[in-house]
Amino acid sequence: MEYKKTIIDIAALIGTDIRSRANANIIRAAIDGLDGAVLDLSGVEFVSRSFADELYNIITDNPTVKTEGAHGIVASMLAAVEQGRSKPRHRERDDAEVVDAHDMDNLAHLLMST
């Protein structure tokens with residue numbers, strides 16, 4: 001089945017310098033109800049790692065949504081996130097203790113006692 005793809009200019013929608021993962025919610029709202037979308041990143045000059053991570057989630061969750069036009073640091077950041085997601089997570093220790101810090105005073109006490 002062929003999908004009609006709506007082109008969304010991310011620089012016009014959000015800006016050229018995207019530093020917050022919260023901006024991904026703007027994209028989620030923009031693609032809601034569309035059969036497919038192309039997220040045009042050609043006008044975007046910078047994205048944070050956290051935003052790139054959320055954008056990766058959007059694309060993974062919506063197979064009819066694609067990106068195009070990423071260049072420079074934006075393309076590098078998207079590639080870094082994709083590469084990081086393709087590797088299994090490695091933890092040095094798997095026996096770490098979980099501590100409940102239910103308020104700031106308790107957290108401060110826990111941090112000073114270690």
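A short reminder: the numbers here are calculations on the coordinates, not readings from a lab. Since the model is a prediction, treat every value here as computed from it, not as a measurement. We place every Cβ from the backbone using ideal geometry, glycine too, and count neighbours over all the protein chains shown.
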Quiz item: What do you get when you divide the Cα radius of gyration of region 6-89 by 2.2 N^0.38 Å, with N the number of residues?
Solution: 1.00
Quiz item: Out of region 57-114, which trypsin sites (Lys or Arg not before Pro) are coil in DSSP terms and have no more than 14 other C-beta atoms within 10 Å?
Solution: ARG89, ARG91, ARG93
Quiz item: How about region 69-114: which GluC sites (Glu not before Pro) there lie in a loop by DSSP and see at most 16 other Cβ atoms within 10 Å?
Solution: GLU92, GLU97
Self-check item: Among 10-20, 25-35, the order from most to least packed when residues are scored by Cβ within 10 Å on average
Solution: 10-20, 25-35
Quiz item: Under unit Cβ charges (Lys, Arg +1; Asp, Glu -1), what dipole magnitude, rounded to 20 debye, does the chain have relative to its Cα centre?
Solution: 360
Quiz item: Counting only the backbone N, which residues of region 23-63 are under 13 Å from the spot 7 Å out from the Cα of ALA80 toward its beta-carbon?
Solution: 46-53
Practice problem: Restrict the search to region 1-89; then list the chymotrypsin sites (Phe, Trp or Tyr not before Pro) that DSSP places in a loop and that have at most 14 other Cβ atoms within 10 Å of their Cβ. | Solution: TYR3
Quiz prompt | Overall Cα dimensions of region 48-114, principal axis frame, Å, largest first | solution = 50, 25, 24
Quiz item: Per-residue HN-Hα couplings for region 33-43, Karplus 6.51 cos²θ - 1.76 cosθ + 1.60 at θ = phi - 60°, whole Hz, x for Gly and Pro?
Solution: x, 7, 6, x, 8, 10, 8, 7, 9, 4, x
Practice problem: Find the relative contact order for region 1-99 and round it to a whole percent, using C-alpha pairs within less than 8 Å whose residues are 6+ positions apart. | Solution: 29
